[in-house]
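Chemist: Dropping the structure in here first, questions after.
The values are calculated or read from the model by the stated rules, or taken from the named source; none is laboratory data. Nothing here was measured: the structure is a model prediction, and the numbers come from that model. Neighbour counts run over all protein chains shown; Cβ positions are idealised from the backbone, glycine included. Just so you know, the surface numbers come from the protein's heavy atoms only, side chains and all, with ligands and any DNA or RNA stripped out. Shrake-Rupley method; radii C 1.70, N 1.55, O 1.52, S 1.80 Å.
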Amino acid sequence: MTVQEKLSLGITASRNAIFSLVLLALVKGSVGLYSGSTALLADAVHTAMDVFTSLAVWIGLKVSMKSGGESFPYGYYKAENIVALFVSILILLSGVELLREGLAGVKAPSEIQFEGLALVTSVFSVLGVYALSVYKERIGNLINSQALIADARHSYTDVFASLVVVAAVLGSMFGVPQLDSFGAIVISFLIFKLGLESARDAMLILMDAWLDREANEKIRQNIENIPGLLALKDLKLRKSGLVVFGEATVEIEGDPDLKQINLLSESVERAVRKEVENLEHLAVNARAVERTQIRFALPVFGNEGPSARLSEHLGKAPYFLFADLEARELRNWKVLENPASDIEKKRGVKTVEFLLQEKANALVLSSVGEGPFHMLRDNLVRIYRTPDGVETALEILERIEGLEEIEEPE
């Protein structure tokens with residue numbers, strides 16, 4: 001689902017919420033006047049205020065769909081966060097109003113006429129508003145809309161308010177009219193908690209804070225596992241409405257060409273998209289540095305280690321010696337069996353995939369075909385030619401500095 005499709009879905013949900021709230025406000029207001037229930041009338045007014053809240057969310061999502069142009073190169077996506085902050089303020093104001101009504105009701109509890117009708121209406125309001133809240137929260141989570149989620153939380157305050165009305169009617173029926181006032185006071189504090197949490201999230205996102213630390217750690221691991229990349233030096237992500245913008249600075253070896261940089265940038269972007277939904281744009285800055293740690297892959301016939309005899313083939317080599325060098329000195333080595341040596345088709349390609357999986361960044365061969373050559377070069381693996389007269393892997397490792405690099409497939 002594209003960002004525009006998600007925004008469109010959010011707009012539809014907000015529009016449906018507006019119509020539903022208007023209907024609920026009319027029903028509760030009419031029954032409140034007929035029954036003489038001041039609590040039901042207050043609840044109707046509260047619901048009418050929610051119409052403007054949902055209308056604000058609808059406007060925010062509509063504005064987010066517009067193209068930013070030259071003045072707003074990053075679009076109007078943050079309009080959605082501004083609306084979320086506005087909705088949070090309305091939640092807090094609703095809590096203040098409910099607390100005021102609760103305190104006033106303790107001193108002067110009201111009597112309700114036509115209690116049965118008022119009770120049925122208030123129970124219907126609880127169920128209707130709860131269903132509407134669940135609907136908006138489900139769509140909000142589906143499209144990752146902070147404003148719609150905040151609006152859903154605000155609608156939950158209507159559920160609480162309607163429960164207070166139910167309590168008020170029941171209290172009147174059983175001779176305890178003060179019951180609704182104490183309930184309203186408790187509920188107002190729950191509303192304050194919802195409002196403060198929504199306002200906090202909206203303000204942090206407006207300040208470009210990135211709150212998902214777990215996703216950030218996974219992204220870093222994904223990027224650092226990309227073949228050909230030496231290090232991830234910096235990662236910055238920020239949310240704007242439904243979308244995410246980011247910047248990554250990575251280090252790569254030597255002087256790569258434009259094609260290699262583009263391929264690396266695509267790999268970094270894919271690594272971010274695995275954990276981040278709605279990534280709008282990621283700028284990748286590649287810094288060329290000299291590699292100090294090199295992992296050589298050498299095709300060999302046996303698993304004896306550095307003394308093993310070299311193989312002239314890539315795909316047909318039964319084993320590969322992986323030698324880790326730091327400052328041109330051998331630090332560690334291991335021998336692994338080539339899992340592609342016995343297959344009939346795409347043997348060279350599968351072997352290259354195996355070498356990349358083992359994070360080899362240098363390879364010594366007598367010759368290399370076109371397909372494997374481009375795969376290796378695209379992943380920033382340097383390919384060196386086996387010198388004449390050399391028979392063992394150890395001889396290669398002793399003359400690393402004099403190796404000739406293969407510049408084209410053979």
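Chemist: Using 7 Å Cα-to-Cβ label points, what is the Asn216/Ser30 separation (nm, one decimal)?
Modeler: Calculated label separation equals 5.3 nm.
Chemist: Not counting ligands, DNA or RNA, and with a 1.4 Å probe, what is Asp212's accessible surface area in Å² rounded to the nearest 10?
Modeler: Estimated to the nearest 10 Å², Asp212 gives 80 Å².
Chemist: Okay, moving on. Would you rank Trp333, Trp210 by solvent-accessible area, highest first, keeping every protein chain in place and using a 1.4 Å probe? Can you show the working numbers first?
Modeler: Working: Trp333 110, Trp210 70 Å².
Largest to smallest exposure gives the sequence Trp333, Trp210.
Chemist: Here is a follow-up. Using a 1.4 angstrom probe on the protein heavy atoms only, could you order Lys345, Lys236, Lys62 from most to least accessible area? Don't jump to the answer; show the numbers that get you there.
Modeler: Working: Lys345 165, Lys236 115, Lys62 95 Å².
Putting Lys345, Lys236, Lys62 in descending order of accessible area: Lys345, Lys236, Lys62.
Chemist: Also: Can you put Met207, Met375, Met173 in order of accessible area, largest first, using a 1.4 Å probe? Write out the running numbers ahead of the final one.
Modeler: Details: Met207 150, Met375 50, Met173 90 Å².
Ranked from most to least accessible, the order is Met207, Met173, Met375.
Chemist: So which of Lys6/Lys62; Lys259/Lys350; Lys239/Lys274; Lys218/Lys274; Lys6/Lys78; Lys233/Lys274 end up more than 18 Å apart, counting from Cα to Cα?
Modeler: On the way: Lys6/Lys62 11 Å; Lys259/Lys350 22 Å; Lys239/Lys274 16 Å; Lys218/Lys274 9 Å; Lys6/Lys78 15 Å; Lys233/Lys274 20 Å.
Lys259/Lys350; Lys233/Lys274, as the Cα separations exceed 18 Å there.
Chemist: So for region 222-283, taking the charge dipole from beta-carbon charges (+1 Lys/Arg, -1 Asp/Glu), which of Ser240, Ile261, Leu279 sits furthest toward the positive end?
Modeler: Ser240
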